[in-house]
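The values are calculated or read from the model by the stated rules, or taken from the named source; none is laboratory data. This is a predicted model, so every value here is computed, not measured. Neighbour counts run over all protein chains shown; Cβ positions are idealised from the backbone, glycine included. Remember, those area values only see protein heavy atoms, side chains included, never the ligands or the DNA or RNA. Shrake-Rupley method; radii C 1.70, N 1.55, O 1.52, S 1.80 Å.
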Amino acid sequence: MSPAASGRVRAAIAGVVAAAVALGGGELAAGLVGPESSPVLSVGAAAVDLSPRATTEFAISAFGSNDKLALLIGLLLVIAVAAGGLGLFSVRRRGVGVAGLAALGAVGAAAAVSRPGASLLAGVPSVVAAAAGIAALLLLLSRLPGSGAAVGTPAAVTPADAADIPAAAGEFERRRFVLAAGAAAGVAAIAAGAGSLIGGSRDVAQAREGLLVPAAATPSPLPGLADGAAGFPEVEGLSPLLTPNASFYRIDTALRVPQIDPVGWSLRIHGRVDRELLLTFNDLAGRDDVIEADITLACVSNEVGGPLAGSARWVGVPLARLLQEAGVEPGADQVLTRSVDGWTCATPTMDCLNTPNAMLALAMNGEPLPLEHGFPVRMIVPGLYGYVSATKWLVDMELTTFGVSDAYWVQRGWDAIAPIQTFSRIDVPQPGRTVSAGTATIAGVAHTGSEGISAVEVRIDDGAWAQARLAPSTSTQLWRQWYLPWEAEQGIHVLTVRAVDTKGRTQSGDRYPPYPNASSGWHSVRVVVG
Ligand SMILES: Nc1nc2c(c(=O)[nH]1)N[C@H]1C(S)=C(S)[C@@H](COP(=O)(O)O)O[C@H]1N2
Ligand SMILES: [Mo]
């Protein structure tokens, strides 16, 4: 590499390392101020909230629940490229780098301060980041071979002049730069690590470990739910009746899982009510009307046959009771709930009052709510899509009206009223799998928002619809497993499923994408029988 080219590479490295020092310093400060004030997370969170609906949807379908990781990696790449450029331009004019890093800091501060519930203090880590980055950049630039500080010539000497430096001196300066850059990068990593330790989540995770799952008032009214009961065969690959927490789908806008200590947690129920309530975690967990129910939760963004639905045994306090205690004013047709991170959700008051088992959930499948699923308290209303019913990290509940307020996804064009549409899915065989000719099994799950499933029908290629066998139903609020034995003949086959609800309505075969009120269509899989 020519001296000029290697000078440019070093200048770019100086920029990138300076940005790393900035981010490390920002994380360290955020560890002290509060994790939500992290410059990167704040900018990422602002990007999530500002991104058009289509982008968010695309991210979910392309990356699944890794959408957040992808966003953060993308953000870091953009910062790295910008910082490398700043390093290059700063060789001749330090002011460019200083101004650029200050501008990045300003963007971070603006994003952090404008997060819901943030104070001016949230901007401090971004200011610290910019200051640390500028200091690192100036230091590294002064170590560039040919820079004024290194060879005692005026600072205007550029890397292009480095060719004039005798080889030994050049090597010495190269080492000096590499050492300084390495040290700065090390400082950045240590600062970032220390920041995440200080602001870490261990306290809340530990608090969660120490909690007991409250017992339902009446001993579990639900039948045992052993898969394969009542003559229903065990089918490998079929979704279990209850989805293990670890594999339960996760959808939310939170870049960092909110950490709420149940000890300090409280929920305010206010707005158009007769008396405001302020409830602590123990107020809820210690009640004598705790219920337990098996409920399927579904995301409106689910594609036909998609994975964004799951079933769990929830334990919680009946929502209707709490609303009655607060006294809902006539006309308050909307329950507007808010998460600690500012996400909002609007649920019809009628559904909160009248849907059996609508609850503030404290436990999921025999454990306190996992942090990712809303610890310590979330809302669950059977029959409604998650974005209008299932607020995680719940901290506020306001009785208001649909005329006055729109919640997060409704502001972005999704329907305000969103009951779960009937869906059915083939889990087995998986698409593209080769099935051995002979007796095989087709199996899956089906769910309606509230009516319950009365039949599931399967069609092979263009054949007649055959009735699948249904596993016993334990609740219309829970999905239903089904299966159909199949004499598989060699060749390529397309299997299609559709469900019928207890009102006799057959699931629609019209194909629609999820936006703005859920996908529609029959799920098909193509399999090779060999
Ligand atoms: N605080 C908060 N709660 C939220 C959301 C969110 O973005 N933030 N997403 C909702 C959506 S769209 C769905 S589908 C469900 C998903 O719940 P899960 O992640 O526990 O499966 O949570 C709902 N509750
Ligand atoms: Mo969702």
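Residues Ile420, Ile426: which one is in contact with a Leu (Cβ under 9 Å, 6 or more places away or on another chain) and either within 12 Å of ligand 2 (Cβ to nearest atom) or at positive phi (or both)?
Just a single option satisfies the conditions, and that option is Ile420.
Looking at Ala358, Ala326, Ala346, Ala363 in this structure, which one is open to solvent by less than 10 Å² (accessible area, probe 1.4 Å) and within 16 Å of ligand 2 (Cβ to nearest atom)?
Ala346
Can you name every residue in the range 244-278 that is open to solvent by 20 Å² or more (accessible area, probe 1.4 Å), in contact with a Leu (Cβ under 6 Å, 6 or more places away or on another chain) and away from ligand 2 (no atom under 16 Å from the Cβ)?
Within the range 244-278, Leu255, Arg256, Val257, Ser266, Arg268, Gly271, Arg272 meet the criteria.
List the number of the failed condition for Ala11; all other conditions in (1) free of Cβ contacts under 8 Å to residues at least 12 places away in the same chain; (2) farther than 23 Å from Ser114 by Cβ; (3) aliphatic (A, V, I, L, M) hold.
Going through (1) free of Cβ contacts under 8 Å to residues at least 12 places away in the same chain; (2) farther than 23 Å from Ser114 by Cβ; (3) aliphatic (A, V, I, L, M) one by one, Ala11 breaks only (1).
If you scan the range 194-216, which residues turn out to be part of a helix (DSSP H, G or I) and not basic (Lys, Arg)?
Matches in the range 194-216: Ala194, Gly195, Ser196, Leu197, Ile198, Asp203, Val204, Ala205, Gln206, Ala207, Glu209.
Yes/no per residue for (1) modelled with pLDDT under 95; (2) closer than 16 Å to Ala18 by Cβ:
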residue	(1), (2)
Ser90	yes, yes
Ala129	no, yes
Gly148	yes, no
Val151	yes, no
Ala156	yes, no
Asp161	yes, no
Ala168	yes, no
Glu171	yes, no
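Go through the range 397-412 residue by residue and tally those that are open to solvent by 20 Å² or more (accessible area, probe 1.4 Å) and either within 14 Å of ligand 2 (Cβ to nearest atom) or not in a loop (DSSP other than H, G, I, E, B) (or both).
Residues that pass the stated criteria total 5.
Sort out for me the helices (runs of 4 or more DSSP H) sitting completely within the range 1-96 that have 1 or more residues that are more than 30 Å from Asn302 (Cα to Cα), open to solvent by less than 30 Å² (accessible area, probe 1.4 Å) and small (Gly, Ala, Ser).
3-33, 67-90
Name the one entry in Ala226, Ala191 that is in a helix (DSSP H, G or I), more than 16 Å from ligand 1 (Cβ to nearest atom) and either modelled with pLDDT under 95 or surrounded by 14 or more Cβ atoms within 10 Å (Cβ to Cβ) (or both).
Ala191
Does Gly386 satisfy the condition of being open to solvent by less than 20 Å² (accessible area, probe 1.4 Å), within 16 Å of ligand 2 (Cβ to nearest atom) and not assigned by TED's automatic domain parsing to the domain that holds Tyr512?
yes
Just checking: which of the strands (runs of 3 or more DSSP E) contained wholly in the range 413-530 hold 2 or more residues that are open to solvent by 20 Å² or more (accessible area, probe 1.4 Å) and not hydroxyl-bearing (Ser, Thr, Tyr)?
Answer list for the range 413-530: 423-428, 453-460, 480-488, 491-501, 523-529.
Which count do you get for residues in the range 382-411 that are within 13 Å of ligand 1 (Cβ to nearest atom) and either within 17 Å of the chain's Cα centre (by Cα) or among the small types (Gly, Ala, Ser) (or both)?
Count: 13.
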